[in-house]
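Here the structure is laid out as structure tokens; the discussion comes afterwards.
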Amino acid sequence: MKRKKRTSVLLLFFGMLLLSACGGGGSNIAIGPPASETNAVSKQILKAYGLEEGDYEAFQEGFGDAADQVQDGNVDVSIGILGLPAGSIESLHASAGDVKMLELSDEAIAYMEKNSGYKRHTIPKDTYDFMDKDIETVTAYAILMANTNTISEELGYELAKAMVEKASEITHAQGVQMTLENALNGAKGLPIHPGAAKYYKEQGLSFDNPIAKLQIEGEKEEFILGTGSSGGTYYPLGGEMAGVWNNHIDGINVTNTETGASIENLASIRDGKMDLGMTVHVPALNAIEGAGDFEGNKVTNAAFIGHIYPEVVQIITRENTGIESLDDLKK
């Protein structure tokens with residue numbers, strides 16, 4: 001009797017070890033850092049395919065680390081919200097040589113359009129060397145939000161002006177997106193900073209956004225810009241934006257800092273820990289309205305400065321995984 005009991009215990013033990021070794025939770029998916037828009041959107045996309053938390057192993061890495069995990073074979077699929085083309089994806093393909101881009105089904109795109117602020121977007125097949133067809137996905141806008149307790153009207157004006165008129169000094173691929181024509185993309189429904197509003201009116205742009213009220217709490221010279229993870233688009237692009245501002249706006253110094261991106265940046269502005277933040281326009285709307293991740297804890301001291309670039313959902317795997325679509329991730 002004791003021998004049978006001991007055998008059962010051993011079988012249970014080795015069974016648990018085998019389950020652990022096999023993952024136990026389905027495919028390994030990089031869904032973006034905690035407190036990032038990528039993390040929230042990844043879960044929405046997977047939900048559109050009937051995948052809930054627990055149906056997969058979630059890796060909450062920055063984009064660069066996620067790409068490394070894909071290369072090492074520890075992650076099957078990585079979901080990112082990035083500019084086109086994304087340096088981390090190009091680097092991964094240069095190292096691995098077999099990157100594959102997955103597209104969203106019409107049903108998944110319809111789900112995202114209904115349940116989020118994201119819209120259908122086509123990634124042209126010439127975006128990356130490894131693509132042989134256009135890829136259907138969804139997109140939003142990356143924008144700059146300012147703390148209305150620390151960014152004065154004059155500084156808001158200069159920030160917006162430099163983003164448009166000095167964008168040619170930015171070497172990052174997304175710098176070309178910061179034009180007067182694009183300046184108000186992603187602003188719909190958001191309060192606009194009075195300084196930015198003044199600049200855009202001078203340039204002949206029209207808008208009906210509410211003008212944010214400022215409550216400046218003393219003069220500052222040092223300002224913090226929240227970006228994202230070092231392997232994504234925000235961090236390197238934010239560094240160049242800060243450099244342009246520092247070179248062309250007297251009396252200030254803007255320091256870009258690595259963060260969890262959109263949601264963390266908005267929360268840090270709310271809590272007075274940050275002066276400027278890069279974010280997708282969808283969580284910015286949620287922050288202002290007290291919805292989504294900001295339900296019951298809205299951000300009342302943030303205002304729109306300007307558009308940065310289109311944010312495109314890009315889902316990658318490797319040929320050797322055998323994954324052809326997100327439908328293949330279902331158990």
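The values are calculated or read from the model by the stated rules, or taken from the named source; none is laboratory data. Nothing here was measured: the structure is a model prediction, and the numbers come from that model. Quick reminder, even Gly has a Cβ in these numbers, built from the backbone with ideal geometry, and neighbours come from all protein chains shown.
Find all pairs meeting these conditions: Cβ atoms under 6 angstrom apart; at least six residues apart or on different chains; first residue within the range 268-285 and of a type in the set (Ser, Thr, Tyr); second residue part of a helix (DSSP H, G or I) and crowded, with 24+ Cβ neighbours inside 10 Å.
Going by the 6 Å Cβ cut-off, the qualifying pairs are Thr279/Ser262; Thr279/Asn265; Thr279/Leu266.
Regarding the range 160-180, can at least one residue be identified that is closer than 23 Å to Leu237 by Cβ, part of a loop (DSSP other than H, G, I, E, B) and free of Cβ contacts under 8 Å to residues at least 40 places away in the same chain? Give the steps one after another, and end with the answer.
Taking the range 160-180 and keeping what is closer than 23 Å to Leu237 by Cβ, we get 160-180.
Filter once more, keeping what is part of a loop (DSSP other than H, G, I, E, B): 166, 170-172, 178-180.
Subset that is free of Cβ contacts under 8 Å to residues at least 40 places away in the same chain: 179-180.
Scanning the range 160-180 turns up at least one residue that is closer than 23 Å to Leu237 by Cβ, part of a loop (DSSP other than H, G, I, E, B) and free of Cβ contacts under 8 Å to residues at least 40 places away in the same chain.
Condition first: touching a residue at least 24 places away in the same chain (Cβ under 8 Å), out of contact with any Leu (no Cβ under 7 Å at 6 or more places or on another chain) and surrounded by fewer than 21 Cβ atoms within 10 Å (Cβ to Cβ). Can you find one or more residues in the range 76-83 that meet it?
No, because not a single residue in the range 76-83 is touching a residue at least 24 places away in the same chain (Cβ under 8 Å), out of contact with any Leu (no Cβ under 7 Å at 6 or more places or on another chain) and surrounded by fewer than 21 Cβ atoms within 10 Å (Cβ to Cβ).
Select, from Ser88, Ser105, the only residue that is within 15 Å of the chain's Cα centre (by Cα) and polar (S, T, N, Q). Write out each step before concluding.
Values: Ser105 fails: within 15 Å of the chain's Cα centre (by Cα).
Every option except Ser88 fails the conditions.
Limited to the range 157-178, what total is found for residues that are surrounded by fewer than 21 Cβ atoms within 10 Å (Cβ to Cβ) and among the aromatic types (Phe, Trp, Tyr)?
0
How many residues does the range 313-331 contain that are polar (S, T, N, Q), surrounded by 21 or more Cβ atoms within 10 Å (Cβ to Cβ) and in contact with an Asp or Glu (Cβ under 9 Å, 6 or more places away or on another chain)? Break it down stepwise before answering.
Initially, the range 313-331 is screened for residues polar (S, T, N, Q), giving 314, 317, 320-321, 325.
Now drop any that are not surrounded by 21 or more Cβ atoms within 10 Å (Cβ to Cβ), which leaves 314, 317.
So of that shortlist, the ones also in contact with an Asp or Glu (Cβ under 9 Å, 6 or more places away or on another chain) come out as 317.
Number satisfying all stated conditions: 1.
So which pairs qualify, if the first residue must be in the range 209-220 and closer than 18 Å to Met145 by Cα, the second must be at pLDDT below 95 and not small (Gly, Ala, Ser), the Cβ gap must be under 9 Å, and the two must be at least 6 apart or on different chains?
Asn209/Lys188
Determine which single condition Asn147 fails, assuming it passes every other condition in (1) surrounded by fewer than 19 Cβ atoms within 10 Å (Cβ to Cβ); (2) touching a strand residue (DSSP E or B) at 6+ places or on another chain (Cβ under 9 Å); (3) in the same structural domain as Ala267 (by TED's automatic domain parsing).
Asn147 satisfies all of (1) surrounded by fewer than 19 Cβ atoms within 10 Å (Cβ to Cβ); (2) touching a strand residue (DSSP E or B) at 6+ places or on another chain (Cβ under 9 Å); (3) in the same structural domain as Ala267 (by TED's automatic domain parsing) except (1).
Hey, among the residues in the range 183-208 that are without any contact (Cβ under 8 Å) to a residue 40 or more places away in the chain and more than 26 Å from the chain's Cα centre (by Cα), which one's nearest to Ser262 (Cα to Cα)?
Asp208
Every residue, every condition in (1) outside any helix (DSSP H, G or I); (2) in contact with a Pro (Cβ under 9 Å, 6 or more places away or on another chain), yes or no:
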position	(1), (2)
Gly251	yes, no
Gly260	yes, yes
Met274	yes, no
Thr279	yes, no
Pro283	no, no
Asp293	no, yes
Lys298	yes, no
Ile308	yes, no
Val312	yes, no
